[in-house]
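Every read-out reported here was derived from the displayed coordinates using simple, explicitly stated rules and does not represent laboratory data. It should be emphasised that the depicted structure is a prediction, and the values quoted were computed from it without experimental measurement. Counting neighbours? That spans all protein chains shown, and the Cβs are built from the backbone with ideal geometry, glycine included.
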Amino acid sequence: MDYFVLVIAAIFVNNIVLAQYLGNCPFIGTSKESGVAIGMGLAVVFVAAMAAVITWCVQKFLLAPNDLGYLQTIAFILVIAALVQFVELFLKKVIPPLYKSLGIFLPLITTNCAVLGIAIICQREEFTLLETLIFSVASGLGFMLALVVLASIRERLDLARVPISMKGTPLGLIMAGLMSLAFFAFKGMAS
Amino acid sequence: MKEMIKMVVVLSLICGLSGLTLATVRQATSARIEEQVLTYVQGPALEQIFTGYDNNPVKDRKAFDTPGGPVTIFPVMKAGKLTGVAFETFGKGYGGDIGVMVGFTTDGDKLQGIGITTLKETPGLGARVVEPDFRNQFRRHSTETIALSKSGGDIQAISGATISSTGTVAAVNEAVKIFNTIKDKLPDAWGS
Amino acid sequence: MSSLWKEFSKGLWKDLPPFKLVLGLCPVLAVTKTAYNGFGMGMAVIFVLALSNLLVSLLRKVIPAKVRIACFIVVAASLVVCVELLMQAYAYPLYQQLGIFVPLIVVNCIILGRAEAFASKNPVLLSVADGLGMGIGFTISLTFLGSIRELLGTGQWFGMQVLSDWFEPVRFMVEAPGAFVCLGVLLAAMNAFTNWQRRTKGLEAVQGPVHDCKTCGMCATKPGA
């Protein structure tokens, strides 16, 4: 039951993009086509889950016992950067088809604040390892959901006649705002 | 090969320098950070519990040895005379530990009141232990038999947030136990 | 001297982040609930950006090209940890308000983007001017956005009551949806202004700056590769 609540909360109530403001750059940047959006979303789910679990272990076994908690930021970002490199190499060598579809998104992920953000949230909420895994996968899925929905909306908007100054990023942001408003309704559900 | 060595050397040098700088900054700021955390996390709870004191409880804090480990005690004084003490204990909540600051008066075995310091609960439900209606039940409460009404006490649990209410009561009882072991040492510690 | 001023001032209008150079959206949306938070975040970014540009520029001849991104990340992350510690020691309430977005400065594209696009190719003074200009521009933008949201959302400005009772605060503005809409409308207004300027010069109106990953210096290159 608790895990179920955790998943629902991470996907809908506290959606990582629409309620927690994380990962907005790729959210606006890669939401022009739904194909791209799905690829980016999958890459985030995958990397965020791995990063959250590994950084959890780093914090638990390396930083906390040595009273190095203040180095959290630097340790986490280095772990994530190295992890992304490793995943890229691994996919390239071992699963070329997957690399073909996800590979181009991997470099973008190091600077995706959703990944680092999820890892830090797990620490601040003092999650256990299992909760960390569930939370990070669910948050990644929440990111993917928001991204794919926005991409489908924007694909249709391309065909609409809008003032030229509104085209592109401004309209994308306003659409994101309306989606965020819709997701805001889930807040009432939580209590 | 030469390039490889250069890469490793440069990277390790940069990392080493950054580690050194950070350790220095950390050393220089750690005392102030501790003070700030106490002022802004524990401080507000102290203000909820006590009124009319003229010292700075965070500045005057002292650590005491108790059977369960060291506890930081915040003294509350008026005109140089110790009128009460408070310290933090933890109880199990729904989503993690609840930190409860428990205040005692020195002029008799009574609770002065409680304040919530840390809380991770379902927003809207458990968060109500923070609200005055629940907290005020502990104001001037005797230190004997603090329990929820369903266990025969007189504290009304928050409907729908039994776990948080139970956790808070457990934390308060824990504090009472600690208070009883140290209360004789208190007047000497702050010289009144 | 003139080139120094040029690099400094471009961050204040021509390449004003995040409006003209659409980078680092997360803090822009997240911490502009109030003008004060926006301003505080901006100050932290100025500190990190100016110093990271300084250090990267100083080290640009020593850092091997292959590991440059890793080096930039270490430099930026160390500075961010410094900011975290200093903020906890001297501005704890602000640290509580900004929360997770203080450590997240490290993944703000603006830091690594400027290191890669400018500081790693230019002399020290120019790089610092670039960093300071961009940082100050970012601070002004955040404070401005924060002012609008705070004013409309609560009727206050920097915590002071500005609008009196007749004004009904629009809670929408201080919540997440308001952040997106407000930034979108501001961007559109900036574009409209640019287009109006272009039309008076007899040029055709153009679409505003495109935000995709190419604007972020990191994405053109592979990190660490």
Positive-end residue, region A:2-190 charge dipole about Cα centroid, Cβ charges, pick of A:96, A:4, A:54: A:96
Shielding by partners, peptide C:25-33 (average Cβ within 10 angstrom, other chains): 5
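Mind putting a number on the dipole of region B:37-117 about its Cα centre? Charges go on the C-beta only, +1 for Lys and Arg and -1 for Asp and Glu, and I need it in Debye to the nearest 20. Mind dumping the intermediate values first?
Numbers: 7 positive and 8 negative charges, 18 e Å.
Computed charge dipole of region B:37-117: roughly 80 debye.
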Rough spin-label spacing in nm, given labels placed 7 Å along Cα→Cβ, for residue B:5 and residue A:157: 5.6
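Where the only charges are on Cβ atoms (+1 Lys, Arg; -1 Asp, Glu), what is the dipole of the protein assembly as shown about its Cα centre, to the nearest 20 debye?
Details: 49 positive and 39 negative charges, 433 e Å.
Approximately 2080 debye in magnitude.
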What Rg and what Dmax come out for chain C when only alpha-carbon atoms are used, in angstroms? 18.4, 62
Residues with beta-carbon under 13 Å from that of residue B:43, excluding residue B:43: net charge, scoring Lys, Arg +1 and Asp, Glu -1? -3
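Counting only other chains, and only Cβ atoms inside 10 Å, what mean value do you get across the residues of A:151-164? Kindly include the intermediate steps, with their values, before the conclusion.
Details: counts 0, 0, 0, 0, 0, 0, 0, 0, 0, 0, 0, 1, 5, 9.
For this peptide, the per-residue mean of nearby foreign Cβ atoms is 1.
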Order these peptides, B:18-27, C:196-205, B:109-118, by their mean beta-carbon neighbour count within 10 angstrom, highest first. B:109-118, B:18-27, C:196-205
Measure nothing but the geometry: give the 0 to 90° angle between the long axis through the Cα atoms of A:113-124 and the longest principal axis through the Cα atoms of chain A, rounded to 10°. 40
Dividing the helical contributions, -39500 (n - 2.57) per DSSP H run of n ≥ 4, by the residues of the protein assembly as shown yields a 222 nm value, nearest 500 deg cm²/dmol, of -18500 deg cm²/dmol
Using only atoms on other chains, find how many Cβ atoms lie within 10 Å of each Cβ of peptide A:106-118 and report the average. 6
For labels at residue C:6 and residue C:124 in the simple 7 Å Cα→Cβ model, what's the distance in nm? 2.3
Residue by residue through region A:12-29, what is 3J(HN,Hα) from phi via Karplus (6.51 cos²θ - 1.76 cosθ + 1.60, θ = phi - 60°)? Round to whole Hz and write x for glycine and proline. 9, 5, 10, 3, 4, 8, 7, 10, 10, 6, 9, x, 6, 4, x, 4, 7, x
Evaluate the distance, in nm, between pseudo-label points positioned 7 Å from the Cα of residue B:53 and of residue A:164 along their respective Cα→Cβ axes. 6.8
Arranged from highest to lowest average of other beta-carbon atoms within 10 Å per residue, in what order do the peptides A:175-182, A:104-111, A:82-89 appear? A:104-111, A:175-182, A:82-89
Starting from the amide H of residue A:33, placed 1.01 Å from N in the peptide plane, find each other amide H under 5 Å away whose residue is 5 or more places distant or on another chain. none
Compute from the Cα atoms of region B:48-189 the Rg and the Dmax, the latter being the longest Cα-Cα distance, and quote both in angstrom. 14.8, 44
Just to be sure I understand the curve: with the Debye formula and one point per C-alpha of the protein assembly as shown, what is log10 I(q)/I(0) at q = 0.05, 0.09, 0.10, 0.12 Å⁻¹? -0.25, -0.80, -0.97, -1.29
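How do the peptides B:5-11, C:122-128, C:98-104 rank, highest first, by the average count of neighbouring beta carbon atoms within 10 Å per residue?
Top of the packing list down: C:98-104, C:122-128, B:5-11.
Compute the whole-percent fraction of alpha carbon pairs in chain A spaced more than 26 Å apart.
Numbers: 6455 of 18145 pairs.
Value for chain A: 36 percent of Cα pairs lie more than 26 Å apart.
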Given pairs A:60/B:92; B:62/B:183; A:32/C:14; C:66/C:121 and cut-off 19 Å on Cα-Cα distance, the over-length ones are A:60/B:92; A:32/C:14
Using +1 at the C-beta of Lys and Arg and -1 at the C-beta of Asp and Glu, which of C:124, A:41, C:85 has the Cα lying farthest in the positive direction of the dipole of the protein assembly as shown? C:124
